[in-house]
Structures are given as C-alpha cells and as structure tokens.
Amino acid sequence: MQTLAKMLLVSLAVCFTPLALAQQPIVIKFSHVVAANTPKGKAVEYFKKLAEERTKGAVRVEVYHNSVLYKDKEEMEALQMGAVQMLAPTPGKFGPLGAREFELLDLPFLFDNLEEEHKVTQGPIGRQLLGKLEARGILGLAFWDNGFKEMTANKPLRKPEDLKGLKMRIQSSKVIDAQMRAVGALPQVMAFSEIYQGLQTGVVDGQENPTSNIYASKFHEVQKYLTMTDHGYHGYAVITNKKFWNDLPPDIRSTLEDAIKDATAFFNNSAKKDNDDALEEIRKSGKTQIITLTPAERLAWKRAMVKVHQEWGKKLGEDILHGIYRETGFDPNKL
Ligand code: LMR
C-alpha cells in the first residue's frame, strides 16, 4: 500500500513540475453551428491541423461542429466569457454584440459573384468591419466567403411574390428580417440547429442558406423546392476573444495568425466547389425540385428586395455601403 501511495505522490509531483506545466498545451475551443462536412467545418479542421503542426503541439485546437457545444447566440456569449476561444459566425449574428454594421453584408443582391464578395471582405472594407469588434473585446481575424444563400420552401418559389405569407426562418438579422418582409414573407428568427425540425414540423415553411448547408443538414429532405436565387451573401467572420489572443506568447500568436491566413485561402478557394458539389448531390437525391431563374426572373427578385438598401444603409452606415457599391460598381438605382 505504501509503495502505491508513494507512486501516486511521485506521479502527482511530476505532473506539477515546471517542465510538466510548461508542456501543458494552450487549448483553443473552436465552436460553430453547422455540420463538419461543410466549407466552414472543413476550414476549421484545416486550421486545427496547421495550428497543432506548426506550434509542435504547444497549441491544441478542440473543434466543436454542429452546435454540439453552443448554438446561435449562446456561442457569442461564450466567446465573450472566454468559455470558447474562436468562432466563425455569419454577419447576421453580430447584432446582439451591438456590431450591427455587419448586417450591411446581409443586404440582398449586394454582390453578383464571388469575386465581388472577395473584393469587399478581403479588402479595406472587410478590415474596417472587423476592426469594429475590438471595442467589444473581440478580434476579427478573417472573412471566409461561402458564396450565396438560396431559398427553399414546400411550394415553388419562382417569383418574389411566391413568398407572400410564408413563415421563413432567418438568422437574428434585422436586414434579413426587412428583406423577407419586403416580399410579404413572415420572418422567424430561429437557431440554425433548430431549422430541420422547424421545417419538418411546419413551424416554419422555408429558409435560406447556401447549398452546402442545405445538403449537409439535410434540409432538402424536408423541403420540396430549392430556388437558386443567389440573393444574399453567405460568409463568416472568424473571431477570437481579444484578451485570450493578446495574452498568447508572441511566437505562438504569429504562428496562429499565419495558420488563419492559410485556412482563409483554403476556405475561399474551395467553398464554391463544395457548394456546387452539394447542389449536385441534392439533385441526385431527387428529394427536392431545383428551380433555376432566368435573368429576367432574377431581376424581378432583385427589384423586389433591393428596396431595403436605402433604409438599412442609412441605419447601419451609408459610408460603408457606398464604399461597397464603389468596390462592386453596383447601383441600386439602375436596375
Ligand atoms: C444560419 O444560421 O443560417 C447560418 O449562419 C449558419 C452558418 O453558420 O452557415
């Protein structure tokens, strides 16, 4: 018995020697709300790989996919409390933080293609938006551009007026709320993790997301129609707890910053293919009818929704919105 007690004491003493303590890895909990087999899930895993390899194990990244640790809204609170260290929410989720400028990126038909998205989010306007988080104890590290949201419902949506009276699930974004009301839909804020059941039980009639999220979370199994509207930007601001990040050893911090840069390139270079592949899988499943719009039909959606730009540009930051227009050449008055 004495030998066992001695062994226990020795092993405990070893655990707390400076060397052993010094070898304790820095743990980064990275939580997000969508499935692992999505552009965001893959990029978070790639960041984990780079971070652990390049710090030679000094950092351990614990990845929590699919809202298993925190769901929408909870995750932002957890980050501010330091219960998690990294997130990658969509711009529509920064309202509760008071960073409502991010919702400018939710304005419908703001971008016409991925290149325009990158021009804004990866340039000075993206950096300006990320900089606004610092006063709230959060550091914006990057934007991951996931292409465009599409509309799904259990009735065909070919014209904007087809949305009239439909209960449409939205993120907690006042701009997306206004977008849906502009075409007569009834917006319902709901956490991403609750969408499948909400669609299955009829609590909501439809939702908007990129095809990679639709497929990975099996929304196509409970939605008869998918309309390729490409009506809204879908992307993520990769964020961290400011105190955590600034307290990191400088060499670790710069290694992680490089890993973020490479994970951002990985995401932005692979998301389009992931969304295209997801659309093909949805088509092959035969579970939902895919509706593509003619240019004239898409223009009708644009004209019906773009009216929210003026009101919400004024409320959220006309200077930023006009900066986006300058970068993309978009003029809502010339539709
Ligand atoms: C949503 O809530 O629909 C999206 O923000 C989910 C995501 O993170 O892509």
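The values are calculated or read from the model by the stated rules, or taken from the named source; none is laboratory data. Predicted model only: the values in this text are computed from it and were never measured. Glycine gets a Cβ as well: all are built from the backbone with ideal geometry, and neighbour counts include every protein chain shown. To get the accessible areas, we keep the full protein, side chains included, count just its heavy atoms, and leave off ligands, DNA and RNA. Shrake-Rupley method; radii C 1.70, N 1.55, O 1.52, S 1.80 Å.
What the table shows:
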{"quantity": "Where a residue in segment 288-305 is more than 28 Å from Gln200 (Cα to Cα) and without any contact (Cβ under 8 Å) to a residue 60 or more places away in the chain and its partner, wherever it lies, is open to solvent by 30 Å² or more (accessible area, probe 1.4 Å) and polar (S, T, N, Q), with Cβ under 6 Å and at least six apart", "calculated": "none"}
{"quantity": "Selected residue (only one of Lys49, Lys42, Lys56 is modelled with pLDDT of 90 or more, open to solvent by 60 Å² or more (accessible area, probe 1.4 Å) and within 16 Å of the ligand (Cβ to nearest atom))", "calculated": "Lys42"}
{"quantity": "Pair list, Cβ under 7 Å, 6 or more apart: segment 108-125 residue in contact (Cβ under 8 Å) with a residue 12 or more places away in the chain, other residue outside any loop (DSSP other than H, G, I, E, B) and open to solvent by 50 Å² or more (accessible area, probe 1.4 Å)", "calculated": "Leu114/Lys272; Lys119/Glu327; Val120/Glu327; Gly123/Glu327; Ile125/Glu327"}
{"quantity": "Matching residues, segment 186-228, being near the ligand (Cβ under 10 Å from one of its atoms), part of a loop (DSSP other than H, G, I, E, B) and either among the hydroxyl-bearing types (Ser, Thr, Tyr) or open to solvent by 60 Å² or more (accessible area, probe 1.4 Å) (or both)", "calculated": "Ser217"}
{"quantity": "All positions within segment 67-87 that are open to solvent by less than 60 Å² (accessible area, probe 1.4 Å) and among the charged types (D, E, K, R)", "calculated": "Asp72, Glu75"}
{"quantity": "Single residue of Ala83, Ala78 found to be out of contact with any strand residue (DSSP E or B) (no Cβ under 6 Å at 6 or more places or on another chain), more than 14 Å from the ligand (Cβ to nearest atom), farther than 15 Å from Gly235 by Cα and in a loop (DSSP other than H, G, I, E, B)", "calculated": "Ala83"}
